[in-house]
Amino acid sequence: MRMSKFAALAGAAVLGLMASMAQAQTAWPTKTVKFIVPFAPGAGADIGARLAADVLTRKWGQPVVVENRPGGDSLIAIRAVVGDNNDHQFLFTPTGNFTPHPYRHEKLGYVRERDLLPVARFSNTILVVGVSEMLGVKTLGEFVDLAKKKPGEMNVMVVPGITELVWDNFTTTLNLQITKVPFTNLTAGAAEMTTNRIQAAMTALAIQQPVLQSKGARLVAVTSRNRVEIMKDVPTVIEAGVPSLELEGLVGVFSAPSVSADLRKRIGEDIAAVARDPEIAAKLIASGQAPNPGGAEDFSTDILRQEKQVEAMAKVVGLKKMD
């Protein structure tokens with residue numbers, strides 16, 4: 001009986017030790033969590049990251065901070081996350097910042113499928129096509145017709161990266177000759193639609209908001225597959241008959257491989273819950289974004305779809321993989 005009681009006590013001690021070890025292994029976060037953003041402060045993804053950081057700091061009981069690492073076509077931020085392989089450091093970014101990378105850089109220094117693992121989908125940057133009011137066109141179809149009648153006479157401002165690739169896919173597919181005019185200050189560039197120096201712009205809604213409010217330009221389409229809740233009267237590019245301009249402005253969070261699948265799921269659920277909060281959703285909408293919460297699996301499906309879309313567009317415009 002003594003041996004039996006001793007065995008029972010020993011067994012209980014072992015189970016208690018195992019339970020405490022398991023708890024220690026799952027205890028996270030144990031220090032400051034970083035969201036690395038590949039933009040300067042004030043960009044849409046930066047705003048989203050800061051909104052999430054404020055809520056998660058309270059939920060997780062550890063500071064969640066945003067670190068801005070702009071430049072290098074987002075490679076500076078990506079390499080920081082991949083290089084550190086830290087389970088307390090994450091990339092908070094639009095997917096369009098990296099899906100064109102294999103066609104733009106010879107040596108990326110990372111493999112997306114291996115090194116950047118989806119954690120959560122957070123929001124969509126609302127991407128729109130606007131045209132100068134001085135053109136006198138009211139729809140995207142009318143703009144296309146006018147561009148065909150005036151080859152080489154019209155100018156456009158597009159954001160470099162995947163947005164520019166989508167625009168090139170559009171003009172190549174429809175055999176349009178529209179001159180791309182680069183601007184360092186995108187908001188100032190969009191304002192040139194008021195003077196008709198720029199006849200069209202394809203950017204985030206937030207960039208065109210001032211000129212739209214001044215009635216110097218009008219929206220003719222959103223690039224997403226579905227209409228945007230805050231402007232239901234604006235058709236999608238697909239509804240407008242121009243599917244070659246379709247683009248989802250996916251924004252979400254990624255981790256290095258050091259974060260286990262179970263932990264990614266847990267973190268992803270917390271991040272998606274932030275985007276579902278009505279107060280946070282209202283702030284996202286005010287900054288030109290649409291809440292789009294989702295887990296790692298849904299986000300991964302969206303990314304794969306965008307990567308295939310990029311591959312197809314690259315063939316249309318004559319780009320080949322460099323890495």
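Among the residues of region 192-244, what is the count of those that are small (Gly, Ala, Ser), surrounded by fewer than 22 Cβ atoms within 10 Å (Cβ to Cβ) and over 17 Å from Gly96 (Cβ atoms)?
4
Which residues, counting only those in region 264-323, are of a type in the set (Lys, Arg) and outside any helix (DSSP H, G or I)? Steps first, answer last, please.
Of region 264-323, the ones of a type in the set (Lys, Arg) are 264-266, 276, 283, 305, 308, 315, 320-321.
Listed by number, the residues that qualify are Lys320, Lys321.
Please pick out the residue among Ile285, Ile271 that is under 18 Å from the mean Cα position of the chain (by Cα) and surrounded by fewer than 22 Cβ atoms within 10 Å (Cβ to Cβ).
Only one candidate qualifies: Ile285.
For region 150-174, how many residues are part of a helix (DSSP H, G or I) and free of Cβ contacts under 8 Å to residues at least 60 places away in the same chain?
2
Would you confirm whether any residue within region 56-72 is within 26 Å of Gln306 (Cα to Cα) and part of a helix (DSSP H, G or I)?
Within region 56-72, one or more residues are within 26 Å of Gln306 (Cα to Cα) and part of a helix (DSSP H, G or I).
Which residues, taken from region 145-158, are closer than 17 Å to Val220 by Cβ, surrounded by fewer than 19 Cβ atoms within 10 Å (Cβ to Cβ) and touching a helix residue (DSSP H, G or I) at 6+ places or on another chain (Cβ under 9 Å)?
Listed by number, the residues that qualify are Leu146, Lys148.
Criterion first (among the small types (Gly, Ala, Ser), over 18 Å from Val55 (Cα atoms), without any contact (Cβ under 8 Å) to a residue 24 or more places away in the chain and surrounded by fewer than 17 Cβ atoms within 10 Å (Cβ to Cβ)) does Ser258 satisfy it?
It is false that Ser258 is among the small types (Gly, Ala, Ser), over 18 Å from Val55 (Cα atoms), without any contact (Cβ under 8 Å) to a residue 24 or more places away in the chain and surrounded by fewer than 17 Cβ atoms within 10 Å (Cβ to Cβ).
Would you please name the residue that is surrounded by the fewest Cβ atoms within 10 Å (Cβ to Cβ), looking only at residues in region 41-60 that are touching a strand residue (DSSP E or B) at 6+ places or on another chain (Cβ under 6 Å) and of a type in the set (Gly, Ala, Ser)?
Of region 41-60, the ones touching a strand residue (DSSP E or B) at 6+ places or on another chain (Cβ under 6 Å) are 41, 44-46, 48-50, 53, 56-57.
From the residues that got through so far, the ones that are of a type in the set (Gly, Ala, Ser) too are 44-45, 48-49, 53.
Numbers: Gly44: 23, Ala45: 25, Gly48: 30, Ala49: 29, Ala53: 18.
Applying the filter and picking the extreme gives Ala53.
Take region 17-46 and flag every residue that is among the aliphatic types (A, V, I, L, M) and modelled with pLDDT of 95 or more.
Val33, Ile36, Val37
Table: residues versus (1) closer than 26 Å to Asn226 by Cβ; (2) assigned to a loop (DSSP other than H, G, I, E, B).
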position: Leu75; (1), (2): no, no
position: Arg79; (1), (2): no, no
position: Gly83; (1), (2): no, no
position: Asn86; (1), (2): no, yes
position: Phe90; (1), (2): no, no
position: Lys107; (1), (2): no, yes
position: Tyr110; (1), (2): no, yes
position: Arg114; (1), (2): no, no
position: Phe122; (1), (2): yes, no
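Mind telling me which of the residues Thr125, Thr171 ends up being hydroxyl-bearing (Ser, Thr, Tyr) and in contact with a Gly (Cβ under 8 Å, 6 or more places away or on another chain)?
Step by step, each of Thr125, Thr171 is checked, and only Thr125 is hydroxyl-bearing (Ser, Thr, Tyr) and in contact with a Gly (Cβ under 8 Å, 6 or more places away or on another chain).
Specify which of the listed residues (Val131, Val144) is assigned to a helix (DSSP H, G or I), more than 26 Å from Ala275 (Cα to Cα) and either hydroxyl-bearing (Ser, Thr, Tyr) or outside the structural domain of Phe254 (by TED's automatic domain parsing) (or both).
From the options Val131, Val144, the qualifying one is Val144.
Of everything in region 61-120 that's closer than 19 Å to Asp270 by Cα, free of Cβ contacts under 8 Å to residues at least 40 places away in the same chain and of a type in the set (Val, Ile, Thr), which residue is surrounded by the fewest Cβ atoms within 10 Å (Cβ to Cβ)?
Result: Val65.
The values are calculated or read from the model by the stated rules, or taken from the named source; none is laboratory data. Please read all numbers here as calculations on a predicted model, not as lab measurements. Heads up, the Cβs are rebuilt from the backbone with ideal geometry, glycines too, and the neighbour counts pull from every protein chain shown.
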